[in-house]
Amino acid sequence: RAKSAGGNRFELADPEADARAITRHGLTTALPAALDRGEFFIEYQPLVHLGDGSVRGAEALVRWLHPQHGVLGPDRFIPLAEHTGLIVPLGRWVLEQSVRQAREWRERHDGAGPLRINVNLSPCQLNHPGLVQDTVDILERAGVAPDALCLEVTESALIGADDDLLKPLRRLAEMGVDIALDDFGTGYSNLANLRRLPVSVLKLDRSFTQSMQQFPADPVDLKIVEGIVSLAHSLSLAVTVEGVETGAQAEQLRILGCDTAQGWYYARPGPPERLHELALVDATG
Ligand code: C2E
Ligand code: MG
Ligand code: MG
Ligand code: MG
């Protein structure tokens, strides 16, 4: 950001960038105490079946209620937590809360189809040797079956992953935990590479959904999504789409064969009671 190319007058400090750096530093040092003080909370966004519109589960999205800055989204602090390693205890906390929440939903929705929970995993958590045991313990403590859980890992985290990195994911998959490839289509991964990964769900990145804004959508984008869906299905992978904001997008993606959807069109991320209401309305008609 030091714009020295144009001469001295561009070497002045950028006060906004400095303020951002100071905030970043402040947030980083405040993170550990924030976890102890219970300043993090989780919002849940429903995952909806495109065929029948029923709520099938939710993705857990962490937020930080900062005493001075108010509610901060994960993009503001997850990278900092990854940098300092706090992501491991924070991620464990998110997993524990989310799995407990899933048990409560499942108890209250007997007969309406068991609701499932999706939890994001950062690359640091993948590298952490305790991942498998922590997950097993959390599921056992909550009395939740592994197949109620889906762990989301970004495509970029798995690009070029060697077998050591994939081993814990494979173990989890063998136990029945679903692994989803998040933000799929942004990471330039080799499609043939998918066979090697222990994933059972592709989460198509929001950029594809955005290109479905018009109805009918751009024919080239349609072909690309159609191709991804057919490849995914031929490998027995389910396809979830994120960022659905309009009915037209939902309809187009349903026609293209996507299985589940998530987005503001259905519901914004919200408190756990909200998901309960949505699923209940859905179950009773
Ligand atoms: P993601 O996993 O791809 O999550 C989807 C993001 O899209 C969420 O942003 C969600 O609020 C947003 N979103 C959902 N529907 C719509 C829509 O219709 N339109 C638009 N424009 N956006 C929509 P959020 O909550 O800010 O989370 C951002 C990212 O932070 C997540 O992306 C995920 O990578 C990460 N993240 C969130 N919670 C956790 C966590 O507990 N652990 C880790 N490691 N990462 C997390
Ligand atoms: Mg995700
Ligand atoms: Mg995503
Ligand atoms: Mg995304």
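This table checks each residue for (1) of a type outside the set (Asp, Glu); (2) within 13 Å of ligand 3 (Cβ to nearest atom); (3) in contact with a helix residue (DSSP H, G or I) (Cβ under 8 Å, 6 or more places away or on another chain).
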position	(1), (2), (3)
Leu204	yes, yes, yes
Gln213	yes, no, yes
Pro219	yes, no, no
Ser230	yes, no, no
Ala238	yes, no, yes
Thr246	yes, no, no
Ala250	yes, no, no
Gly257	yes, no, yes
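Yes/no per residue for (1) out of contact with any Pro (no Cβ under 7 Å at 6 or more places or on another chain); (2) crowded, with 18+ Cβ neighbours inside 10 Å:
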position: Tyr44; (1), (2): no, yes
position: Val48; (1), (2): yes, yes
position: Gly70; (1), (2): yes, no
position: Asp75; (1), (2): yes, no
Legend entry - Residues (in contact with a Ser or Thr (Cβ under 7 Å, 6 or more places away or on another chain) and either under 18 Å from Arg106 (Cα atoms) or part of a loop (DSSP other than H, G, I, E, B) (or both)) located in the stretch 121-162: Ile159
Legend entry - Output for the stretch 202-247, where each listed residue is outside any helix (DSSP H, G or I), open to solvent by less than 20 Å² (accessible area, probe 1.4 Å) and at pLDDT 90 or above: Leu202, Lys203, Leu204, Leu237, Val239, Thr240, Val241, Gly243, Val244
Inset, instruction - State whether one or more residues within the stretch 137-144 are among the hydrophobic types (A, V, I, L, M, F, W, C) and surrounded by fewer than 16 Cβ atoms within 10 Å (Cβ to Cβ). - result: no
Inset, instruction - Collect the residues in the stretch 10-58 that are farther than 29 Å from Leu86 by Cβ and at pLDDT 90 or above, keeping them in residue-number order. - result: Val48, His49, Leu50, Gly51, Asp52, Gly53, Ser54, Val55, Arg56
Inset, instruction - Would you check if there is a residue in the stretch 180-193 being in contact with a helix residue (DSSP H, G or I) (Cβ under 7 Å, 6 or more places away or on another chain), among the aromatic types (Phe, Trp, Tyr) and open to solvent by less than 20 Å² (accessible area, probe 1.4 Å)? - result: yes
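The values are calculated or read from the model by the stated rules, or taken from the named source; none is laboratory data. Please read all numbers here as calculations on a predicted model, not as lab measurements. So basically every Cβ, Gly included, is an ideal-geometry build from the backbone, and we count neighbours across all protein chains shown. These accessible areas exclude ligands, DNA and RNA; they are computed on the full protein's heavy atoms, side chains included. Shrake-Rupley method; radii C 1.70, N 1.55, O 1.52, S 1.80 Å.
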